[in-house]
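Undergrad: Have a look at this one before I ask anything.
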Amino acid sequence: MKKTFYYILSVSIIFGIVFSSCGPSKKLVESRADVNKLQNENTVMNDKLIDCSSEVAMLQEEKSTLQTENTIAEEDYNTLSAESKMTIAGQQSRLKYLQEVIQSQKDIMNNLKNSISEALKLYKPDELYVYIKDGKVYVSLTEKLLFKSGNSSIDPKGKEALKTLANVLNNTKDINVMIEGHTDNVAIKTAQFKDNWDLSTARATSIVRILTKDFGFDPNRITASGKGKYQPIKTNDTEAGRAGNRRTEVILTPDLQEVFDLLYTSN
């Protein structure tokens with residue numbers, strides 16, 4: 001009995017020691033696992049913190065760059081704004097001056113028209129008339145006043161009218177003159193003139209010669225041209241209409257060089 005008792009007691013003691021030693025070992029393993037887990041998590045958090053710090057640094061650098069660019073842009077804007085105001089002021093000044101020049105030209109042409117009308121007031125409306133069109137002064141001389149039918153030689157009465165006109169033109173500066181011959185649509189063909197175009201040009205040239213050679217007008221300021229039948233002002237279906245189309249026009253144009261200079265000069 002004693003042996004059995006001691007045997008059981010010994011076994012119990014051994015099992016107690018074994019079980020008591022197994023408990024702490026398991027907890028130690030679990031604790032180490034927790035520690036490792038925490039260490040891994042800490043490492044991950046540290047990596048994230050480093051990444052966040054880098055991103056913050058980059059954002060701060062970008063902010064600084066944007067602030068610098070914004071400052072430069074603001075300075076550029078202020079500079080351009082100042083230049084723009086100066087440009088607008090300059091353009092307004094040029095526009096005002098241009099308007100003054102144009103108005104001055106209008107006044108010159110109105111005065112010229114009035115002077116010519118006064119000088120030629122003794123002639124009848126069916127012989128000549130003076131008007132303004134598109135800023136130009138027109139002196140329209142009928143065939144009745146200047147020429148015989150189908151002829152380019154100027155009649156004495158017509159030559160006297162041209163002398164009076166030349167006196168006004170010679171006292172007017174900065175005016176260019178175009179002489180335009182016109183006919184009706186009745187065809188002409190003679191030994192002297194091949195067609196109406198030829199006749200209209202010859203009549204214009206005759207007037208140019210009278211104004212320059214006989215009455216001293218500057219040849220550099222005058223041009224002759226013939227329009228033939230192609231610019232009628234009345235119908236060619238009646239005799240009165242055709243008579244109105246048989247005319248020679250003295251077209252007076254102001255010198256617009258100053259206006260062109262203002263329009264096309266950049267400064």
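Listed here are the residues, each with its yes/no results for (1) assigned by TED's automatic domain parsing to the domain that holds residue 168; (2) of a type in the set (Asp, Glu); (3) closer than 16 Å to residue 149 by Cβ; (4) modelled with pLDDT of 95 or more.
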site	(1), (2), (3), (4)
202	yes, no, yes, yes
207	yes, no, no, yes
214	yes, yes, no, yes
217	yes, no, no, yes
232	yes, no, no, yes
235	yes, no, no, yes
245	yes, no, yes, yes
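Undergrad: With 160, 180 as the choices, which residue is among the acidic types (Asp, Glu) and touching a strand residue (DSSP E or B) at 6+ places or on another chain (Cβ under 7 Å)?
TA: Working: 160 fails: touching a strand residue (DSSP E or B) at 6+ places or on another chain (Cβ under 7 Å).
It is 180.
Undergrad: Next up: Which of the residues belonging to the stretch 109-156 are free of Cβ contacts under 8 Å to residues at least 24 places away in the same chain, under 22 Å from residue 201 (Cα atoms) and among the β-branched types (Val, Ile, Thr)?
TA: 130 - this is the single residue of the stretch 109-156 that is free of Cβ contacts under 8 Å to residues at least 24 places away in the same chain, under 22 Å from residue 201 (Cα atoms) and among the β-branched types (Val, Ile, Thr).
Undergrad: If residue 143 meets every condition in (1) of a type in the set (Asp, Glu); (2) within 43 Å of the chain's Cα centre (by Cα); (3) crowded, with 18+ Cβ neighbours inside 10 Å apart from one, which number is that one?
TA: (2)
Undergrad: State yes or no: is residue 154 outside any helix (DSSP H, G or I), assigned by TED's automatic domain parsing to the domain that holds residue 203, touching a Phe, Trp or Tyr at 6+ places or on another chain (Cβ under 8 Å) and farther than 25 Å from residue 239 by Cα?
TA: Details: outside any helix (DSSP H, G or I): yes; assigned by TED's automatic domain parsing to the domain that holds residue 203: yes; touching a Phe, Trp or Tyr at 6+ places or on another chain (Cβ under 8 Å): yes; farther than 25 Å from residue 239 by Cα: no.
No: the conditions fail for residue 154.
Undergrad: Being farther than 23 Å from residue 238 by Cα and surrounded by 22 or more Cβ atoms within 10 Å (Cβ to Cβ), is that true of even one residue in the stretch 180-198?
TA: no
Undergrad: Restricting the stretch 166-179 to residues that are part of a loop (DSSP other than H, G, I, E, B) and not basic (Lys, Arg), which is surrounded by the fewest Cβ atoms within 10 Å (Cβ to Cβ)?
TA: The initial filter retains those residues of the stretch 166-179 that are part of a loop (DSSP other than H, G, I, E, B), namely 171-174.
Now drop any that are not not basic (Lys, Arg), which leaves 171-172, 174.
Details: 171: 9, 172: 17, 174: 13.
Out of the qualifying residues, it is 171.
The values are calculated or read from the model by the stated rules, or taken from the named source; none is laboratory data. If you're wondering where the values come from, they're calculated on a predicted model, not measured in any experiment. All Cβ positions, glycine included, derive from the backbone under ideal geometry; neighbour counts span all protein chains shown.
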